[in-house]
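The values are calculated or read from the model by the stated rules, or taken from the named source; none is laboratory data. Given the structure is predicted, the values throughout are model-derived calculations rather than measurements. Glycine gets a Cβ as well: all are built from the backbone with ideal geometry, and neighbour counts include every protein chain shown. We work out accessible area using only protein heavy atoms, side chains counted, and drop any ligands, DNA or RNA first. Shrake-Rupley method; radii C 1.70, N 1.55, O 1.52, S 1.80 Å.
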Amino acid sequence: MTVVIVSNGFADGPAQALRDYLVARGVRVVTIFHPLTPEQGTQHRITVYADGAQVRERRVRLLLKPPASFVLDPFVPLLPAQVDAWFGFNPLACARGLVARGQRRARRVVLWSVDFVPDRFGSRTLPTRIYDRIDRLCCRRADARVELSEAARDGRNRRHDLPPESSDAYVVPMGAWIDRVPTTPTDGFGQHRVVFLGHLVARQGVGTLLAALATLRNVAADVIGTGPLETELREHVKREGLDVTFHGYVEDHREIEKLLSRSSVAVAPYAETDETFTRYADPGKLKAYLAAGLPIVLTDVPPNARELASEAGAEVVADDPAALADAISHALASPEQWRSRRASALAYARRFDWDVLLGNLLAELDLSPSAKPAR
């Protein structure tokens, strides 16, 4: 079996998890990864894996950066490999797979949606209308579609008014490599370190975190990620004398996992605005936090926020620096309580082992690898 995976972004997510799962089982895999943000530059990577290892990689450099480069993504490469299954992790990637299927170069095509954003490029704008038309076409014509949450599935169904004969939809939440990820030690409470992972934009709430840290004593922080606000945030930290380390964009997710395991508390202070697509998402960083055994402090924006609070040791707070600071202080107030929340996070994370999630999905799609795991 040969599988092609087409996605935007180089770090970690369902596309990379699917790649790792299949490669470990000896499947021949071709990944086509396009840049997602301007910070990721102009390189497009085409990588081939066989017999459990990478055999070659080709990098194509275009003049345009995202988002302008998105219109060119379907043409890299011009002639993709002939495959048994094509996984497109956005509508353009899936549409290219539908073309390949029409050319008899792909047997099955799966649309894997990593988010759902109503009015993605603004209400009633031409780019939004084009995006919706391509997305609806893929939802109807693909052999199957995968959503990260029920909220995203239902929202897309309503948005496109999908007919009954549309592709079957499967809900596969974000997962984690439970047996691979290092966890914070049982005495990690003593680190008194807060960690934030994400794109440095206003809706992610990193500004709220910095305002909260300004009121706390003896609490340091790690900020992992980059984005348009990075320079401004670095200047703010320097001006206020905060103990914050910016790690920038970290491509190797294993390095991110190490940083998480050295922390005490993880935060996700999403801005509570109607525009945020996180209301329909299953943010991957939350699963990374849980797999590391970190107590989480987050706002009531992701659809699973309340479930994390009731079952995974998380605390839901208002979108406010004072509320966030109080919750961080509360998480670090008692070693016994911290260890209890750590245990709850680890227990909850086991429900989302990528090995189980991907194995179940591929079985339902009748695409289970015949080879045993190469471990």
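Below is a table of values for the structure above.
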item: Residue list for the range 311-321, filter: among the acidic types (Asp, Glu) and in a helix (DSSP H, G or I); result: Glu311
item: Qualifying residue in the range 125-134 (condition: surrounded by 20 or more Cβ atoms within 10 Å (Cβ to Cβ) and modelled with pLDDT of 95 or more); result: no
item: Qualifying residue in the range 69-85 (condition: open to solvent by 100 Å² or more (accessible area, probe 1.4 Å), within 26 Å of Gln103 (Cβ to Cβ) and assigned to a strand (DSSP E or B)); result: no
item: So Ala220, is it more than 25 Å from Ala17 (Cβ to Cβ), in contact with a Lys or Arg (Cβ under 6 Å, 6 or more places away or on another chain) and in contact (Cβ under 8 Å) with a residue 24 or more places away in the chain; result: yes
item: Test result for Arg107, at pLDDT 95 or above and among the basic types (Lys, Arg); result: yes
item: Check on Val201, aliphatic (A, V, I, L, M), open to solvent by less than 30 Å² (accessible area, probe 1.4 Å), closer than 16 Å to Thr37 by Cβ and in contact with a Pro (Cβ under 7 Å, 6 or more places away or on another chain); result: yes
item: Residues that are in a loop (DSSP other than H, G, I, E, B), in contact with a helix residue (DSSP H, G or I) (Cβ under 8 Å, 6 or more places away or on another chain) and in contact (Cβ under 8 Å) with a residue 12 or more places away in the chain, drawn from the range 121-167; result: Ala142, Leu148, Ser149, Leu162, Pro163, Glu165, Ser166, Ser167
item: Enumeration of residues in the range 2-20 that are open to solvent by 20 Å² or more (accessible area, probe 1.4 Å) and over 28 Å from Lys65 (Cβ atoms); result: Thr2
item: Sole residue being without any contact (Cβ under 8 Å) to a residue 12 or more places away in the chain and either of a type in the set (S, T, N, Q) or touching a Phe, Trp or Tyr at 6+ places or on another chain (Cβ under 9 Å) (or both), chosen from Thr231, Thr184, Thr226; result: Thr231
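Condition check ((1) surrounded by fewer than 19 Cβ atoms within 10 Å (Cβ to Cβ); (2) part of a loop (DSSP other than H, G, I, E, B)) across all residues:
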residue: Lys258; (1), (2): yes, no
residue: Val301; (1), (2): no, yes
residue: Ala309; (1), (2): yes, no
residue: Ala323; (1), (2): yes, no
residue: Ala327; (1), (2): no, no
residue: Arg339; (1), (2): yes, no
